[in-house]
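Participant: Dropping the structure in here first, questions after.
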Ligand SMILES: *Cc1c(COP(=O)(O)O)cnc(C)c1O
């Protein structure tokens with residue numbers, strides 16, 4: 001009601017709950033839809049770690065077929081996709097929860113297991129969603145230092161010792177990404193198994209394995225190997241990266257049945273749409289496609305890294321489909337100059353890495369366009 005004719009100052013923020021006060025809306029950076037309209041195929045998109053090879057033709061065919069059923073709600077249990085994932089990973093379907101992208105699952109996990117009386121531990125230069133998930137749940141976020149920039153093996157990577165030491169009695173979640181975004185760095189199976197031995201069973205360990213399908217280094221398979229002994233472990237995966245279905249939004253988490261049952265309490269019943277369910281199942285079945293994407297990405301990433309290092313640039317080691325370049329000076333003017341040449345890369349100021357740019361491994365043509373523009 002507008003009393004006395006004065007325009008009352010309506011302030012929705014003052015009505016928002018406490019956790020929301022600490023949040024800011026997602027900053028998309030550049031307006032990509034507008035840039036695509038302006039530049040068409042001349043736009044070089046290396047900012048979002050998408051797979052330039054595109055999805056399996058079988059996934060596209062399944063998606064098209066599923067369109068005929070869109071008058072129906074999707075299967076709220078995602079039964080067929082979960083059965084395929086269970087077979088693929090050698091787990092039971094009751095150990096899997098599906099998400100509208102793995103981002104949704106990271107948020108849900110924090111909502112289910114943390115609140116204002118508990119804390120979340122994560123690493124500096126860890127995936128940006130981790131502190132957001134903690135903040136949205138109102139949990140105390142404990143950010144621990146990363147390995148130093150001069151570290152011989154994994155500069156700026158996760159320091160598992162420091163992370164384990166930061167866990168307190170009220171810590172409900174440790175968030176890790178392996179390999180990590182935006183650094184590209186990783187830790188191996190043996191280091192992770194040793195870490196798990198140090199974590200109390202009252203703390204959940206979430207390992208975000210969004211880039212797992214790209215890994216080629218020996219000694220790193222998956223945190224899933226620790227699941228039989230550690231019911232407090234949650235592994236998240238996504239169809240957005242190597243499977244090249246980012247636009248359909250499908251991710252999943254694998255844990256013990258009791259953890260999954262808790263997450264199911266808060267999960268929206270139809271969170272994964274039926275086109276996405278069908279496409280993801282078909283993509284998972286196309287093993288040759290994933291193997292080819294892994295091999296191609298490995299070769300192309302090594303090629304791109306070699307070209308950059310030839311120019312004297314510092315490139316962090318990576319097991320992902322992107323590289324982090326440390327220019328040793330403010331990278332904003334470089335990012336701007338690339339943008340002027342219709343080459344989109346990811347600035348890292350928000351991560352506290354203003355000297356760095358993250359560049360996805362694109363098609364050879366796009367990588368060459370990037371290298372030319374950089375010169
Ligand atoms: C890209 C990415 C994801 C994927 O998120 P979706 O919501 O599944 O698209 C998750 N974690 C990390 C570390 C990523 O880089």
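The values are calculated or read from the model by the stated rules, or taken from the named source; none is laboratory data. This structure is a prediction, so every number in the text was calculated from the model and none was measured. Virtual Cβ from ideal backbone geometry, glycine too; neighbours counted across all protein chains shown.
Participant: Can you spot a residue in the range 113-132 that is within 23 Å of residue 285 (Cβ to Cβ), modelled with pLDDT of 95 or more, in contact with a strand residue (DSSP E or B) (Cβ under 6 Å, 6 or more places away or on another chain) and within 15 Å of the ligand (Cβ to nearest atom)?
Facilitator: Of the range 113-132, the ones within 23 Å of residue 285 (Cβ to Cβ) are none.
No.
Participant: While we're here: Which number in (1) in contact with a helix residue (DSSP H, G or I) (Cβ under 6 Å, 6 or more places away or on another chain); (2) crowded, with 19+ Cβ neighbours inside 10 Å; (3) outside the structural domain of residue 205 (by TED's automatic domain parsing) marks the one condition that residue 316 misses?
Facilitator: Of the numbered conditions (1) in contact with a helix residue (DSSP H, G or I) (Cβ under 6 Å, 6 or more places away or on another chain); (2) crowded, with 19+ Cβ neighbours inside 10 Å; (3) outside the structural domain of residue 205 (by TED's automatic domain parsing), the odd one out for residue 316 is (1).
Participant: Which count do you get for residues in the range 9-34 that are loosely packed, with under 10 Cβ neighbours inside 10 Å and either in a loop (DSSP other than H, G, I, E, B) or within 25 Å of the chain's Cα centre (by Cα) (or both)? Full working, then the answer.
Facilitator: In the first step, residues of the range 9-34 are kept if they are loosely packed, with under 10 Cβ neighbours inside 10 Å; the result is 9-15, 17-18, 24-28, 33-34.
Imposing the further condition that a residue be either in a loop (DSSP other than H, G, I, E, B) or within 25 Å of the chain's Cα centre (by Cα) (or both) reduces the set to 9-11, 17, 24-28, 33-34.
Number satisfying all stated conditions: 11.
Participant: Only one of (1) at pLDDT 95 or above; (2) more than 23 Å from residue 273 (Cα to Cα) fails for residue 51. Which number is that?
Facilitator: (2)
Participant: Here's another thing I want to ask about it. Return yes or no: is residue 246 within 13 Å of the ligand (Cβ to nearest atom) and surrounded by fewer than 24 Cβ atoms within 10 Å (Cβ to Cβ)?
Facilitator: Answer is yes for this residue.
Participant: Counting only residues that are away from the ligand (no atom under 14 Å from the Cβ) and part of a loop (DSSP other than H, G, I, E, B), how many does the range 249-272 have?
Facilitator: Adding up the residues that qualify gives 6.
Participant: So, in the range 187-208, of the ones that are touching a residue at least 40 places away in the same chain (Cβ under 8 Å) and within 16 Å of the ligand (Cβ to nearest atom), which residue ends up nearest to residue 109 (Cα to Cα)?
Facilitator: So, considering only residues that are touching a residue at least 40 places away in the same chain (Cβ under 8 Å) and within 16 Å of the ligand (Cβ to nearest atom), the one nearest to residue 109 (Cα to Cα) is 206.
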